[in-house]
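Student: Before I ask anything, here is the structure I am working with.
What follows draws every value from the coordinates through simple rules; no lab data is involved. Remember, it's a predicted structure, so these values are computed and weren't measured experimentally. Glycine gets a Cβ as well: all are built from the backbone with ideal geometry, and neighbour counts include every protein chain shown.
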Amino acid sequence: MAFLDRWFDRNKTKDEAKERLQLVLIHDRTDLAPELLEQLRAELIKVICNYLEVDDKKIELGLEREDRTVALVANIPVKNIKRYIPNAKNK
Amino acid sequence: MVARTIVITSGKGGVGKTTTTANLAVELAKIGKKVVAIDGDIGLRNLDVVMGLENRIVYTLVDVVEGACRLNQALVRDKRIENLYMLPAAQTRTKDAVTSEQMCEICSMLSDEFDFILIDSPAGIESGFRNAATPAQEALVVTTPEVSAVRDADRIIGLLESMEKRGISLVINRLSPKMVKRGDMLDISDVVEILSINLIGIVPEDEAVITSTNRGEPLTFQAVGPAARAFSNLAKRILGEKVPFDELEHMNNKGILGHIKKLFGV
């Protein structure tokens, strides 16, 4: 079948449909609600601040898509590194 | 008796939720199961006309919730077949007239008396969908082999998964064997691959669906034609019978086409 289609130079519209669907679903499936991303950001900073002194005004956080994969990319400028173990602080 | 509660949903409108609900209900009742079909589409009810029970409605689901009648008074019994009931939605109210908790309450009241509770969900992902989906343990996601319907189905599947439904199965409706053959329609393997959930029914495009709705008689009452046969197989699979899906075994086009030809006598 496939070679016949190519023979007659006919595009199968279903292939186009599938390709477009797969692409749009990558976006749909990874679209994070803004509130959720904000919450993630706040919690991340909280944890990181236990270990590092960071510049929380310059933090960039977002999902980046490349072809068919998605990555959580964060750019967090570090101001200083804490030299003590955070849990030992209160003892 | 503890009923299996199944929501029939899709995200997108017009893909065949109500038709699937009505025909599945009839098929299960024909097999001897006691079935109630609930119209979850408050304000835009249609299960009544598809089942041909629109003239028999006295009370609705909203009346039950508001205490204006007892649950049994709102149930419409289908006189054409034993064991089949419908609980209509209110037409002059909105989705906010009931809550998810109230839907759960109604379903738990029905659960002791029925084998199956089928809930016809409204289109969309808002409160109407949530009200319909919350009481259900299982879900049938209906889609057509079109980009927009499959996309919405994917969204709904994500929501159902986050609601921790354990049985989510796919029904592909209005499949045109001719267009699949030409390569102008997503085929079964495409849709299953994209959505990656369990396929439980394939319903071919069939004019009988419209003519039977014209008459207000679910097409499974007559049990002829490709769509009627497909709904009958769907009911059997829901009951755990292994009605073969040849196309799942040969996922290439040729296998599927061969199966479709055989299935529909093309």
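Student: Quick one: if the Förster radius is 41 Å, what FRET efficiency do B:Arg166 and A:Asn80 give, using the C-beta to C-beta distance and rounding to 0.05? Numbers along the way, then the final one.
Tutor: Values: r = 49 Å, r/R0 = 1.21.
Plugging the Cβ-Cβ distance into 1/(1 + (r/R0)^6) gives 0.25.
Student: Hey, which of these cross-link pairs are over 18 Å Cα-Cα: A:Lys46/A:Lys79; A:Lys14/B:Lys12; B:Lys12/B:Lys242? Don't skip to the answer; put the middle values down first.
Tutor: Numbers: A:Lys46/A:Lys79 15 Å; A:Lys14/B:Lys12 20 Å; B:Lys12/B:Lys242 29 Å.
Pairs exceeding 18 Å: A:Lys14/B:Lys12; B:Lys12/B:Lys242.
Student: Work out the FRET efficiency for B:Val243 and B:Gln222 from their Cβ-Cβ distance, taking R0 = 22 Å, and round it to the nearest 0.05.
Tutor: Working: r = 20 Å, r/R0 = 0.89.
Once rounded, the FRET efficiency stands at 0.65.
Student: First check a/c for the range A:33-85, with a ≥ b ≥ c the square roots of the eigenvalues of its C-alpha gyration tensor; if it is under 1.5, answer rounded, and if not, answer prolate when a/b is larger than b/c or oblate otherwise.
Tutor: Numbers: a/c = 2.53, a/b = 1.90, b/c = 1.33.
Verdict is prolate for the range A:33-85.
Student: Ok, one more. The range B:119-190: which GluC sites (Glu not before Pro) are DSSP loop and have at most 16 other beta-carbon atoms within 10 angstrom?
Tutor: On the way: sites: B:Glu126, B:Glu138, B:Glu146, B:Glu161, B:Glu164; in loops: B:Glu126, B:Glu146, B:Glu164.
In loop regions of the range B:119-190 (DSSP not H, G, I, E or B), the sparsely surrounded GluC sites (Glu not before Pro) are B:Glu126, B:Glu164.
Student: Spelling out what I want: for every residue of the range A:46-61, take phi, set θ = phi - 60°, compute 6.51 cos²θ - 1.76 cosθ + 1.60 (Karplus), and round to whole Hz; glycine and proline get x.
Tutor: After applying 6.51 cos²θ - 1.76 cosθ + 1.60, I find 4, 5, 4, 5, 5, 10, 10, 8, 10, 8, 6, 7, 10, 6, 10, 9 Hz.
Student: Right, here's the next one. Pairs of Cα atoms under 8 Å, at least six residues apart: use those to get the relative contact order of the range B:31-129, whole percent. Don't skip to the end; give the middle numbers.
Tutor: On the way: 161 pairs, mean separation 42.5, N = 99.
This gives 43 percent for the range B:31-129.
Student: Classify the protein assembly as shown as rounded, prolate or oblate, taking a ≥ b ≥ c as the square roots of the eigenvalues of its Cα gyration tensor: rounded when a/c is under 1.5, otherwise prolate if a/b is larger than b/c and oblate if not. List each step's numbers first, then the result.
Tutor: Working: a/c = 2.64, a/b = 1.35, b/c = 1.96.
Oblate, because a/c is 1.5 or more while a/b does not exceed b/c.
Student: Right, here's the next one. Could you tell me the center-to-center distance, by alpha carbons, between the range B:1-52 and the range B:161-193 in angstrom?
Tutor: If we compute the Cα centre of each part, the gap is 20 Å.
Student: Can you compute the FRET efficiency between B:Ser196 and A:Thr13 using 1/(1 + (r/R0)^6), with r the Cβ-Cβ distance and R0 = 22 Å? Round to the nearest 0.05. Don't jump to the answer; show the numbers that get you there.
Tutor: Working: r = 23 Å, r/R0 = 1.03.
Efficiency, rounded to the nearest 0.05: 0.45.
Student: Another question, then. Check B:Arg4: other-chain or 5+ apart residues with amide H under 5 Å from its amide H, H built from backbone geometry?
Tutor: Distant-sequence amide H within range of B:Arg4: B:Phe116, B:Ile117.
Student: Kindly provide the helix-only [θ] at 222 nm of chain B, computed as the sum of -39,500 (n - 2.57) over DSSP H runs of four or more divided by all residues, to the nearest 500 deg cm²/dmol? Please report the intermediate quantities before stating the final value.
Tutor: Numbers: 13 runs with 115 residues, N = 266.
Counting only the DSSP helices, I get -12000 deg cm²/dmol.
Student: List the GluC sites (Glu not before Pro) within the range B:7-110 that fall in a DSSP loop (any state other than H, G, I, E or B) and whose Cβ has at most 11 other Cβ atoms within 10 Å.
Tutor: Details: sites: B:Glu27, B:Glu54, B:Glu66, B:Glu82, B:Glu101, B:Glu105; in loops: B:Glu66, B:Glu82.
Listed in order of number, the matching sites are B:Glu82.
Student: Still on this model: How much of the DSSP bridge set in the protein assembly as shown is antiparallel, in percent, rounded to the nearest 5? Don't skip to the answer; put the middle values down first.
Tutor: Values: 12 of 41 bridges.
That works out to approximately 30 percent antiparallel.
Student: P(r) for chain B, please, calculated from all Cα pair distances in 5 Å bins and given in %.
Tutor: Here the calculated profile for chain B is 1, 6, 14, 19, 20, 17, 12, 6, 3, 1, 0, 0.
Student: In sequence order, what are the phi-derived ³J(HN,Hα) couplings for the range A:16-26 according to the Karplus relation 6.51 cos²θ - 1.76 cosθ + 1.60 with θ = phi - 60°, rounded to whole Hz, with x for glycine and proline?
Tutor: With coefficients 6.51, -1.76 and 1.60, one gets 5, 4, 5, 4, 5, 4, 4, 5, 5, 6, 4 Hz.
Student: Across the range A:27-33, in residue order, what do the Karplus-derived ³J(HN,Hα) couplings come to in whole Hz, using 6.51 cos²θ - 1.76 cosθ + 1.60 with θ = phi - 60° and x for Gly and Pro?
Tutor: Coupling constants for the range A:27-33: 5, 4, 6, 10, 6, 8, 4 Hz.
Student: What's the average, rounded to a whole number, of partner chain beta-carbon atoms within 10 Å of each residue's beta-carbon in A:18-24?
Tutor: On the way: counts 8, 0, 2, 11, 3, 0, 5.
Counting Cβ atoms of other protein chains within 10 Å of each residue's Cβ and averaging gives 4.
Student: I've got another one for you. Once amide H atoms are placed 1.01 Å from N in the peptide plane, what residues at a sequence separation of 5 or more from B:Val142, or on another chain, have their amide H within under 5 Å of its amide H?
Tutor: Residues meeting the criterion, in which the H sits 1.01 Å from N, are B:Thr9, B:Ser10, B:Val171.
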